[in-house]
């Protein structure tokens with residue numbers, strides 16, 4: 001309830017990030033400090049009634065000391081130091097009270113029991129050492145009494161019995177309270193430890209399932225690629241080889257999809273995904289999504305429907321890339337989990353406005369559906385509604401987790417309703433701006449003539465992996481480049497010193513000298529000698545945004561993630577090796 005939540009927050013100093021044992025220590029020290037402050041406050045009232053003004057002064061100073069220690073604890077979290085300082089204050093309180101109330105006799109003996117109990121409560125086993133000064137105080141006061149020293153008793157004779165009774169009640173009450181809080185705190189810590197262990201075990205189980213699913217999803221296309229390569233090697237018929245390479249290409253695309261899903265989720269979890277609004281035609285985006293899933297839907301005999309409300313703005317301003325990714329994920333899942341019937345993509349306007357509109361996107365299917373337990377788990381990362389569905393329907397269980405996070409970044413919430421055996425409907429609503437109408441004109445490029453030999457770009461490929469190096473060379477030669485190769489950064493530096501290159505494709509991780517260091521040295525040489533700037537493009541399997549930044553900081557001009565296609569290579573060459581119309 002709210003009160004207990006506030007109290008727990010106070011006792012742990014609002015530090016939920018601390019480990020279980022640290023929070024337990026904070027609770028006990030705060031309880032001990034509050035108890036000391038409260039009891040001293042009550043004693044002040046009692047001594048005022050008894051007119052024991054010397055005791056009143058001492059107890060006010062001790063109460064303020066306890067309060068100061070609680071403040072220091074909240075500011076510094078120095079539990080060990082504060083625990084021992086609080087034990088010292090407790091020793092002074094008890095010794096002072098015993099001294100001004102007749103010495104170590106009668107009810108005062110119970111006060112000294114507070115010292116080891118309180119010290120152990122706040123300082124743990126090390127608090128037992130405070131038993132020694134407590135015993136020393138008792139022995140010293142008892143020796144003084146034996147030598148006929150008369151301890152002052154500031155309470156009147158007729159009220160001393162009441163003072164003794166209150167001393168017994170207070171000391172026994174505080175001891176009982178501290179023991180109760182010690183045991184309660186230990187039990188709470190044990191429950192928190194058990195809960196944390198269960199959470200860790202569940203996380204481990206979920207990640208193990210995820211690794212198993214990912215392993216299956218990666219090994220399956222890899223097996224297909226390797227099997228096809230084995231068949232191609234021994235296949236004499238060119239048409240058969242072409243069909244086999246098409247199979248290998250599809251397997252490669254599946255492999256890239258799995259890797260991209262993992263990277264997308266990592267970027268989202270690390271807050272590396274940015275929403276970038278642009279003006280685009282919403283109807284065209286939906287057409288693209290439906291087109292991309294039309295072939296697998298046709299193969300299964302499914303009916304694809306697209307429903308768009310009349311009166312929607314033709315152009316809107318939003319993140320078209322991530323919106324298309326979410327809709328494609330939802331449509332692909334719907335086709336994947338539907339064996340017969342239809343899949344419908346629906347767009348409507350739930351809240352029209354002059355500048356902003358709220359769009360509602362729905363993907364409805366007549367597939368296998370889900371029960372309540374599956375719905376509760378379907379959006380969790382690394383988890384599928386059915387842990388065995390990877391085998392029957394494919395997928396690593398990341399698409400919906402990614403989609404929900406992307407929708408959240410766009411200001412909406414991805415929801416689902418489903419009936420087992422009847423199908424599911426996923427939907428979300430987002431607010432977008434209306435964009436000014438603007439006709440989109442297609443760009444037509446005139447066919448280009450092959451470049452003459454003397455104007456072909458000269459490209460240096462720096463790559464330590466022989467397969468990747470050969471692949472880059474073949475692609476570059478097919479688009480008309482002259483290609484040289486180096487297998488590490490040191491070799492690349494030697495070649496650049498004796499030959500001019502229009503472009504360098506540089507791998508980042510290589511033996512002898514990596515691509516980042518080679519780039520730094522190339523840039524340093526250009527600055528010292530006043531040479532021309534050589535475009536350097538990173539070739540790397542890393543696709544995270546921070547990796548791009550590292551490459552740019554090293555002096556690279558562009559970035560190309562592996563795996564890349566011939567079109568990707570051609571785009572890079574056209575961008576960076578076109579100064580003399582070379583391609």
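Could you look through region 301-323, keep only residues that are at pLDDT 85 or above and part of a loop (DSSP other than H, G, I, E, B), and pick out the one that is nearest to the chain's Cα centre (by Cα)?
My answer is 319.
Considering only region 356-374, I want to know if a residue exists there that is under 26 Å from residue 431 (Cα atoms) and without any contact (Cβ under 8 Å) to a residue 40 or more places away in the chain.
Looking for residues that are under 26 Å from residue 431 (Cα atoms) and without any contact (Cβ under 8 Å) to a residue 40 or more places away in the chain, one finds none in region 356-374, hence no.
What number goes with the only condition from (1) at negative phi; (2) modelled with pLDDT under 90 that residue 334 does not pass?
The failed condition is (2).
In region 107-139, which residues are over 50 Å from the mean Cα position of the chain (by Cα) and under 16 Å from residue 172 (Cα atoms)?
If the condition is that a residue be over 50 Å from the mean Cα position of the chain (by Cα) and under 16 Å from residue 172 (Cα atoms), then 107, 108, 109, 110, 111, 112 are the ones that fit.
Going by the conditions given, is residue 495 in contact with a strand residue (DSSP E or B) (Cβ under 6 Å, 6 or more places away or on another chain), farther than 30 Å from residue 265 by Cβ and free of Cβ contacts under 8 Å to residues at least 40 places away in the same chain?
Answer is yes for this residue.
Which of the residues spanning region 549-575 are modelled with pLDDT of 90 or more, more than 19 Å from residue 458 (Cβ to Cβ) and in a loop (DSSP other than H, G, I, E, B)?
If the condition is that a residue be modelled with pLDDT of 90 or more, more than 19 Å from residue 458 (Cβ to Cβ) and in a loop (DSSP other than H, G, I, E, B), then 555 is the only one that fits.
Please enumerate the residues belonging to region 270-300 that are part of a helix (DSSP H, G or I) and touching a helix residue (DSSP H, G or I) at 6+ places or on another chain (Cβ under 8 Å).
If the condition is that a residue be part of a helix (DSSP H, G or I) and touching a helix residue (DSSP H, G or I) at 6+ places or on another chain (Cβ under 8 Å), then 285, 286, 288, 289, 290, 292, 293, 296, 297, 300 are the ones that fit.
Test residue 178 against the criterion of being at pLDDT 75 or above and either touching a helix residue (DSSP H, G or I) at 6+ places or on another chain (Cβ under 8 Å) or surrounded by 12 or more Cβ atoms within 10 Å (Cβ to Cβ) (or both), and give yes or no.
yes
For region 249-268, how many residues meet the condition of being crowded, with 18+ Cβ neighbours inside 10 Å, over 23 Å from the mean Cα position of the chain (by Cα) and farther than 15 Å from residue 215 by Cα?
The total comes to 0.
Could you please give the count of residues in region 369-400 that are surrounded by fewer than 21 Cβ atoms within 10 Å (Cβ to Cβ) and modelled with pLDDT of 60 or more?
Qualifying residue count for the region: 11.
Conditions tested, residue by residue: (1) closer than 24 Å to residue 128 by Cβ; (2) at pLDDT 80 or above; (3) under 35 Å from the mean Cα position of the chain (by Cα); (4) not in a helix (DSSP H, G or I).
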position: 22; (1), (2), (3), (4): yes, no, yes, no
position: 49; (1), (2), (3), (4): no, no, no, no
position: 54; (1), (2), (3), (4): no, no, no, no
position: 60; (1), (2), (3), (4): no, yes, no, no
position: 65; (1), (2), (3), (4): yes, yes, no, no
position: 84; (1), (2), (3), (4): yes, yes, no, no
position: 93; (1), (2), (3), (4): yes, yes, no, no
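Hey, among the residues in region 141-158 that are closer than 16 Å to residue 48 by Cα and in contact with a strand residue (DSSP E or B) (Cβ under 9 Å, 6 or more places away or on another chain), which one's modelled with the highest pLDDT?
Out of the qualifying residues, it is 153.
Considering every residue within region 171-186, establish whether at least one is in the same structural domain as residue 91 (by TED's automatic domain parsing) and either farther than 30 Å from residue 24 by Cβ or more than 50 Å from the chain's Cα centre (by Cα) (or both).
No, that holds for no residue.
The values are calculated or read from the model by the stated rules, or taken from the named source; none is laboratory data. None of these values were measured; they are calculated from a predicted model. Reconstructed Cβ throughout: ideal geometry from the backbone, glycine too, with neighbour counts over all protein chains shown.
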